[in-house]
């Protein structure tokens, strides 16, 4: 029987430790030699296949010269690695959660993306992403790294065996003029192109329906071939992973409810085309 997937926080700790090691230019073999461990032990810790104890994390961070708040953050993650929820606060840097999310996307067989006011990240154009981050107050120094990180995430859709994607958006997404008319026209053309792919199912919930179960905000759900699904929710200064079935279940119910009331793919594409036409005529 295959071992269960590491908890989100354990996966994030692994990402943080791997980044800390790479910042020192040490190889995993060199780390193992200096700490008296095998290279495979270091590798398993860095991939989340083996939880690192707080004492092991202390030893690794001392070797890497990691001090202060970052040391305390990673140590706290080591103590809570078995928790089914992972809350990470941030400002506008690329977080461990963002990197971990990319890893989950690459392993998933199905992705459900729900957005209330924005185009889902995996379906955004570079211009739209940049405009969104400018509007959201991301510092100038952090915009381009985050734009590139999002573009890197989107490569999962171009692999030989991409995940099935259900993208549910509220009609408000089509009217929220991020970046101006030209940026929106380019974005909606791209959205239609992506929706033509056999693995991408785009559904729009029209204004006429009124309220719905996604009204409280955006979320992401990933399903895997052999492991239970996970949910990610992102807010202004924090991100939250949910792994426990009792926490994930309500999101699955919400997805079923929204899919039932959303327009079908053909009617959804027509609504996007209508919005695109309005932007093109006013350019």
All Cα pairs of the range 139-211, percent lying beyond 18 Å: 56 percent
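Expressed as a fraction of 2.2 N^0.38 Å, the rule-of-thumb size for a compact globular protein of N residues, what is the C-alpha radius of gyration of the range 41-87?
Compactness ratio reported: 1.12.
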Using alpha-carbon coordinates, inclination of helix 68-79 to the longest axis of the chain, degrees: 90 degrees
For the range 1-83, convex hull volume per residue from C-alpha positions, Å³: 83 Å³
Highest-fluctuation residue, 147, 253, 117 considered, GNM on the chain with Cα pairs under 10 Å: 253
Mean projection area, nm², convex hull over Cα of the range 196-283: 8.2 nm²
Spin-label pair residue 144/residue 244, simplified geometry with 7 Å Cα→Cβ offset, distance in nm: 4.4 nm
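Give me the percent relative contact order of the range 1-83, please, defined on Cα pairs under 8 angstrom at least 6 residues apart. Provide the component values of the computation, followed by the final result.
On the way: 80 pairs, mean separation 34.1, N = 83.
Normalised by residue count, the contact order of the range 1-83 is 41 percent.
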Inter-label distance, nm, simple model (7 Å from Cα along the C-beta direction), residue 39/residue 109: 3.4 nm
Label-point separation, residue 280 to residue 227 (7 Å along Cα→Cβ), nm: 4.3 nm
Gain upon complete extension [residue 216, residue 49; 0.36 nm per residue less C-alpha separation]: 56.7 nm
Computed P(r) (all Cα pairs; the range 85-282; 5 Å bins; percent): 1, 7, 16, 20, 21, 19, 11, 4, 1, 0
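Rule-based calculations on the coordinates, nothing more; no lab input. Computed from a prediction, not measured in an experiment: that's the story for all the values here. Backbone-built Cβ (ideal geometry, glycine too); neighbour counts: all protein chains shown.
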